[in-house]
Amino acid sequence: MKKIGIFYGSTTGTTEEVANKIAGKLGVDAADVYNVAETAPDKVGDYDVLLLGSSTWGDGELQDDWYDFIDGLQALDLKGKEIAVFGCGDESMTDTFCNAVGIIYDRLQETGAKFIGDFNADGYSYDASKADVGGRIVGLIIDETNHPELTDKRIADWCAEVQAQM
């Protein structure tokens with residue numbers, strides 16, 4: 001059984017809530033869910049599968065707590081690890097929707113990790129997103145602002161996909 005660690009950055013609590021819902025769906029203990037503001041990047045060494053979550057802020061940027069954490073992750077050799085990315089955004093920000101998912105994906109490409117957890121973006125309406133790489137969504141994208149009624153189903157579907165790919 002692969003050990004899963006969930007690492008998130010959250011300013012308003014929405015991404016933290018999503019991280020905890022994902023933990024519940026996957027049977028991940030609360031002790032294995034980390035706020036990146038309070039966690040050293042080398043903590044990921046304890047896990048086989050890393051679920052990384054960030055909300056998108058400003059002009060399509062990472063949540064503030066992610067900057068030091070992702071710099072630390074980039075310095076690590078993550079060969080043998082699997083990474084799945086999730087994030088929250090507001091699709092009314094049509095040219096930067098859930099950019100943080102794509103930023104994490106892009107920044108960790110050279111670490112040797114294998115990425116899992118592509119997501120079907122049916123039902124969303126946006127013009128551009130860094131989470132859309134080559135016509136595929138590279139992680140779970142959540143819009144609690146405009147589509148909160150879809151969140152639980154999207155989390156369940158994504159968790160099933162992640163489990164199938166692990």
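Anything in the stretch 45-69 that is among the hydroxyl-bearing types (S, T, Y) and touching a residue at least 24 places away in the same chain (Cβ under 8 Å)? List them, or say none.
Y47, S54, S55, T56, listed by residue number.
For every residue, the table says whether it meets (1) over 13 Å from the mean Cα position of the chain (by Cα); (2) over 19 Å from S129 (Cα atoms).
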residue: G5; (1), (2): no, yes
residue: Y8; (1), (2): no, yes
residue: V36; (1), (2): no, yes
residue: D68; (1), (2): yes, yes
residue: I83; (1), (2): no, yes
residue: G89; (1), (2): no, no
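Among the residues of the stretch 28-45, write down those that are touching an Asp or Glu at 6+ places or on another chain (Cβ under 9 Å) and open to solvent by less than 80 Å² (accessible area, probe 1.4 Å).
In the first step, residues of the stretch 28-45 are kept if they are touching an Asp or Glu at 6+ places or on another chain (Cβ under 9 Å); the result is 32-33, 35-38, 41.
Across the stretch 28-45, the qualifying residues are D32, V33, N35, V36, A37, P41.
Restricting attention to the stretch 39-57, which residues are in contact with a strand residue (DSSP E or B) (Cβ under 6 Å, 6 or more places away or on another chain) and of a type in the set (A, V, I, L, M)?
Answer for the stretch 39-57, where residues must be in contact with a strand residue (DSSP E or B) (Cβ under 6 Å, 6 or more places away or on another chain) and of a type in the set (A, V, I, L, M): V44, V49, L50, L51, L52.
Mind checking whether some residue in the stretch 11-27 is more than 17 Å from G117 (Cβ to Cβ), open to solvent by less than 50 Å² (accessible area, probe 1.4 Å) and touching a residue at least 60 places away in the same chain (Cβ under 8 Å)?
Yes, there is a match, as at least one residue in the stretch 11-27 is more than 17 Å from G117 (Cβ to Cβ), open to solvent by less than 50 Å² (accessible area, probe 1.4 Å) and touching a residue at least 60 places away in the same chain (Cβ under 8 Å).
The values are calculated or read from the model by the stated rules, or taken from the named source; none is laboratory data. Only a predicted model underlies this, so the values are computations on that prediction, with no experimental measurement involved. Here the Cβ is made from the backbone with ideal geometry for all residues, glycine too, and neighbour counts use every protein chain on show. These accessible areas exclude ligands, DNA and RNA; they are computed on the full protein's heavy atoms, side chains included. Shrake-Rupley method; radii C 1.70, N 1.55, O 1.52, S 1.80 Å.
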